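Below: the structure, in structure tokens.
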Amino acid sequence: MSRGHFIGNARHPGGSGKKIDCIDPATAMTFDSIAAGSAEDIDAAVCAARRAFTAWKATTGAERARILRAISGAITANRDRLAEIETRDNGKPLPEAFIDVDTIAQIFAMYADMAEELDARGEEAVGPSGGAMKTTVAYRPVGVIGMITPWNFPLEQFTWKVAPALAAGCCAVVKPSEFTSLSSLELAALMAGAGLPPGVINVVTGTGAEAGAALVRHPGVDKMSFTGSTATGKQIMRIAAEDLKRVSLELGGKNPLIVFDDVDLDAAVQWVGFGAFVNQGQVCTASSRLLVQESIAGRFLDRLTELAEAIHIGPGSAEGVKMGPLISQAHHDKVMSYVQAGMEAGARLVTGGSRPPGLNAGYFVAPTIFADVTPDMTIWTEEIFGPVLSVMTFRTEEEAVRLANDTPYGLAASVLSKDRARAERVGDALEAGIIWQNCSNMVVIEAPWGGIKKSGMGRELGRWGLESYLEPRQKTRWLGDGSLDWYALPDRLAAE
Ligand code: NAD
């Protein structure tokens, strides 16, 4: 029997009886299974969320904060178990899973503080402040939120959406990726144990085509919050448009990293390696396009190749491993098809491009670097979402910025230079929602996260994450006398 869904704080077996295998990406062996959710299961979850919403939206921020803090504590108390589940299901190195778990505990605590601040914010006065009229703005929870998450950071993606939504007074139905649903089910159960009322958070597992699409279509969902590929984001927006559901989209990227010739070589090589290969390159903000100034390109590439070849690859649970397997056979094959396309297009394979020696099971791909890349190659233009770095050289600052911005995506961009003024100038010229100067792929939970262009719309994290689950509502009260001259009203209010 599969794990089942989590609806109304209880395990729900799922109506169809169908299941999806959970496969350990390090061994390609099945170790568990989840329910393949249907439209009926989604309906049960949305109904539970709608029932819960009436009471949850009436709670004070302080009451929600108390529960969010208890959840944060429960995450820390179950740190080992959550990290182990994540590594088994997703493949990432265990130390990285621990970082994810610690971060989500911090995020719940941060949104607990923000829930309390909502009480203090109360109703803000705006507009004419004379005697005749008084207008205030109050912030109301958007309602029941449908959330669809990807497989690369399952606990983080769940939390980036759920914690601010709950702080705002919303309820949610989460459809995690069918490749990595176990940690979301586990966390939802912990949340119930920490005192979250039934129905406030529900998890329905299953495929995107069936459970995901049913969630997007459900009329009981007020807003969709989606993180995943740009192609799926477009489909979701199209369906949501039918009943004008609100949407937030965190989509893909093909993120440039510019290295100028004045950098500290050691540090720069480390940042590039981290940006390109952390989480096996399966990061929406992965620095997958490297632009290195021509005068240092040879030396830089040699050092970067040394770093890539020294990365310890293996099962995420093994001691000392810095890079695990990719998520699935299909994804492995997709990444390898890009490697093939790069070679066929004439790019020079500097290192990697194959299975690392000695790792015969699982979905491993060695860190891969292509040089002599040109802007028309698919390895330069398309998101690969694996450990594949494409390198081009540039001569001038203008050329670097032009090449960096020549992409439909706009999620993140990095610039490395000792010249602070140049780093500022180039950072300002780069078209992306997230700019890193002399670093890459740093997550600051207090700052807005999200992209421009085809990398999505809306922002997560920080106070921007909270605002995306709130609707401002104005209340205008007429306090003046009963004698009304419509056409004299503007003058009268202006005079007050
Ligand atoms: P994906 O789009 O294939 O799937 C994401 C989620 O959408 C999964 O839960 C899937 O089941 C669901 N889904 C698929 N088709 C659907 C449909 N028709 N209707 C409803 N739901 C559907 O993406 P993925 O392969 O899981 O994740 C990788 C992508 O996510 C990459 O493009 C990456 O850049 C992006 N991503 C973006 C961010 C960000 O913050 N911008 C973060 C992580 C991942």
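The values are calculated or read from the model by the stated rules, or taken from the named source; none is laboratory data. On a predicted model such as this, the values are computed, not experimentally measured, just so you know. Cβ atoms come from the backbone with ideal geometry, glycine included; neighbour counts cover every protein chain shown. Just the protein is used for accessible areas: all its heavy atoms, side chains included, with ligands, DNA and RNA removed. Shrake-Rupley method; radii C 1.70, N 1.55, O 1.52, S 1.80 Å.
Shape analysis of the range 345-496 places it in the prolate category; the axes a ≥ b ≥ c from the Cα gyration tensor give an a/c of at least 1.5, with a/b above b/c. Residues in the range 331-343 carry Karplus couplings, in order, of 6, 4, 5, 5, 4, 5, 5, 5, 4, 4, 4, x, 5 Hz; the curve used is 6.51 cos²θ - 1.76 cosθ + 1.60 with θ = phi - 60°, and Gly or Pro positions show x.
Highest mean packing first, where packing is the average number of other Cβ atoms within 10 Å per residue, the peptides 281-287, 6-12, 73-79 line up as 281-287, 6-12, 73-79.
Give, rounded to the nearest 20 debye, the magnitude of the charge dipole that the range 1-154 has about its Cα centre when Lys and Arg contribute +1 at Cβ and Asp and Glu contribute -1 at Cβ.
It works out to roughly 500 debye.
When each of the peptides 240-253, 334-347, 216-229 is scored by the mean number of other C-beta atoms lying within 10 Å of its residues, the order from highest to lowest reads 216-229, 240-253, 334-347.
Given axes a ≥ b ≥ c from the Cα gyration tensor, I'd like to know whether the range 26-108 is rounded (a/c under 1.5), prolate (a/b larger than b/c) or oblate. Judged from the Cα gyration tensor, the range 26-108 comes out oblate (a/c at least 1.5, b/c at or above a/b). On C-alpha positions alone, give me the angle between the axis of helix 294-310 and the longest principal axis of the chain, in degrees, nearest 10. Approximately 90 degrees, to the nearest ten. Remark: for residue pairs LYS234/LYS254; LYS175/LYS223; LYS18/LYS175; LYS92/LYS334; LYS19/LYS161; LYS175/LYS234, the C-alpha separation exceeds 22 Å in LYS19/LYS161. With helices as the sole contributors, the chain gives -12500 deg cm²/dmol at 222 nm; each DSSP H run of n ≥ 4 counts as -39500 (n - 2.57), and the sum is divided by every residue. For VAL126 and GLU471, the FRET efficiency from 1/(1 + (r/R0)^6), where r spans their Cβ atoms and R0 equals 22 Å, is about 0.90. Close amide H pairs (under 5 Å, H built 1.01 Å from N) link ASP32 with CYS22, residues at least 5 positions away or on another chain. Listed by chain and number, the aspartates and glutamates whose C-alpha is less than 20 Å from the C-alpha of LYS475, apart from same-chain residues fewer than 8 away, are ASP119, GLU123, GLU124, GLU467, GLU496. For GLY456, the residues whose modelled amide H falls within less than 5 Å of its own, excluding neighbours fewer than 5 places apart on the same chain, are LEU251. Gain on full extension, evaluated as 0.36 nm per residue between GLU446 and ARG66 minus their Cα-Cα distance, stands at 134.8 nm. Entry note, the chain: relative contact order of 18 percent, from Cα contacts under 8 Å with a spacing of 6+ residues. Think of the range 5-93 as having a plus end and a minus end, set by charges on the Cβ of Lys, Arg, Asp and Glu; of GLY15, PRO93, ALA58, ALA58 sits farthest toward the positive end of this dipole.
The modelled label-to-label distance between ARG299 and ALA488, using points 7 Å beyond Cα along the C-beta direction, is 8.2 nm.
With r defined as the distance between the Cβ atoms of LEU349 and GLU40 and R0 fixed at 45 Å, what FRET efficiency is calculated, to the nearest 0.05?
Numbers: r = 49 Å, r/R0 = 1.10.
Efficiency for this residue pair is about 0.35.
Average accessible surface for the range 288-345: 46 Å² per residue, computed with a 1.4 Å probe over protein heavy atoms with every protein chain in place.
Each of ILE311 and THR27 was given a label point 7 Å from its Cα along the Cα-to-Cβ line. The distance between the two points is 2.4 nm.
Suppose we take every Cα in the chain and form the convex hull; what volume per residue is that in Å³? Intermediate values should be presented prior to the final figure.
Working: hull volume 83.5 nm³, N = 496.
Per-residue hull volume (Cα only) is 168 Å³.
What does the C-alpha gyration tensor say about the overall shape of the range 424-496? Classify as rounded when a/c is under 1.5, otherwise prolate if a/b is larger than b/c, or oblate. Taking the square roots of the gyration eigenvalues as a ≥ b ≥ c, the range 424-496 is prolate.
Peptides 232-238, 293-299 ranked from most to least packed by the mean count of surrounding Cβ atoms within 10 Å: 232-238, 293-299.
Against the longest principal axis of the chain, how steep is helix 61-77, in degrees 0 to 90 to the nearest 10, with axes from Cα atoms? Long axis of 61-77 versus the principal axis of the chain: about 30 degrees.
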